[in-house]
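Here's the structure we're looking at; comments come further down.
Each reported figure results from applying straightforward, stated rules to the coordinates on display, with no laboratory input. In this text the structure is predicted, and so the values were computed from the model without any measurement. No Cβ is skipped: glycine too gets one built from the backbone with ideal geometry, and neighbour counts run over all protein chains shown.
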Amino acid sequence: MASKDTTVPEGLTGTTIDTVVLEGCRSCDRVAQERLYELSREKVYGLMVRMVGFQDAADVTQQIYLQVFRKISLFTGRSKFETWLYRLAVNEALQYLRKGNRWNFQHITQEPISQSKSEEERSDVKELLEKALSRIDPELRTIFVLREVEELCYREIAKIIDIPEGTVASRLNRARRELQQEMTSLGWES
Amino acid sequence: MKCSEAQNLLSAFHDGELAKDAHSKMDDHLSKCSKCARELAEFKNLSMMSIALDKPVPPDNIWSQIEQQLDLQTQNLQPADSKVIEQKQRRSFPVTRLLSLTTALLIVMGVGWFSYNSWFVNDQHHHFTAQFGHYLDEFHRNSNAAQQILLANYESHPVEPDQAIERVGYRPAIADGLPDGYILESTHVMKMPCCTCVQSVCKRNDGSTIAIFEHDDKQSTKWFGGRTSITASCNDKQCCLIGIDDKIAASWKNGNRYITLIGVRDVAEVGQMVAWLDR
């Protein structure tokens, strides 16, 4: 949120990352930078939790935004800003995993305080899926999350990861099959 | 529609990404094939479970940490006045002294370059053999992780097989498809120290993996370091075969280029691939 002592200029109170916010970021205007962060942080952080795990998601998110502000002048507007941002985020996360040779991260449970029985069952299923996700190849994990969680179409995913659309389809096949195998090995019965 | 084709299209069908024709062919196949229908139901299950995944909330302190870093960067970029003054105060240097120093430096560099280059080439080769050895060891345990080793270490571009010609100047053999029982998973143009190759990862029907490298490195047996190799005739081609764990790696000349396979089951499979890729 913009600090209480700062008056947010016109054009920065909208809900979309528009040209005013982007121009402000290019000029290193701190209010515009914070606005861009506020408008996109949930998507970026959520993607990082799925890609690198809870423990490292905050650190990698921080790195992503520093990169965004460093490279914002390279965004030419040929693609949607969200596509450009996702691409940067995915590359940063994959590089982070490759550098540390950490293809799979340890899934950390966030224990609920109390639940009803059906809530408990839903929670078990979510837990299982998250664990299975943490075990598959990071590139497959990325594609699965972009499709199932971010609900992007194949064309958008192809642009983000810079692969042909046909390869998006074949990798999704693999991701789903491997996830199914992991779920089964964790005791899931479909 | 055959099962092998339907299996490839399952995700695209589930995600509504197929053209109308292909979609109705799939519909028709799924009404008759319980195996594919069951797998589609599993895909649907995964999608339902994904809807229920939590939306993580970013911690509040991320922005303040970003701000701190941005402030630091801003400070580092601003030159102090004193530094600017120092840069302007440069002593003049006698020209002749500068010229003789430069000449001496060039001679030293020239001598150094030749000895460094020969050391560097050998060292590069050892380094590549070690890295490729790591890939081979991992391939036996986990072919996906092995692929990541290559992608992490070498510049690579994912391509459709018939688009590889734009990058390598030739149409790779894999562009004509694979024999029955094999599905193409991915193709990359990969810049390795020895050569730029077209590398394809293929799956057999049982889910096991075979990797195909097409390249112009006539010394591809050196990729395998000190492992023992034999030469055998497979479908009238002289093939170099290397045993790696319980599988075989095979290399042979195919036209003007070379094919190297990783993860082959036996000599019969080598013969099958030689025949297919040499069509």
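The stretch between residue B:141 and residue B:206 holds 21.8 nm of extra length on full extension. This uses 0.36 nm per residue minus the Cα-Cα distance. Ellipsoid fit via the Cα gyration tensor, region B:191-279: semi-axes of 17, 15, 15 Å, each the root of five times an eigenvalue, largest first. Stretching residue B:170 away from residue B:218 to a fully extended chain increases their span by 15.6 nm, per 0.36 nm per residue minus the current alpha-carbon distance. In a simple Cβ point-charge model (Lys, Arg +1; Asp, Glu -1; nothing else charged), region B:128-246 has a dipole of about 320 debye relative to its Cα centre. For residue A:150 and residue B:235, what is the calculated FRET efficiency with R₀ set at 45 Å and r taken between the beta-carbons, to the nearest 0.05? That gives a FRET efficiency of 0.40.
The local environment of residue A:174, defined by Cβ-Cβ distances under 9 Å, has a net charge of +1 under the rule Lys, Arg +1 and Asp, Glu -1. Rounded to whole numbers, the Karplus 3J(HN,Hα) couplings from phi for region A:43-49 are 5, 5, 5, x, 5, 5, 4 Hz, using 6.51 cos²θ - 1.76 cosθ + 1.60 with θ = phi - 60°, and x at Gly and Pro.
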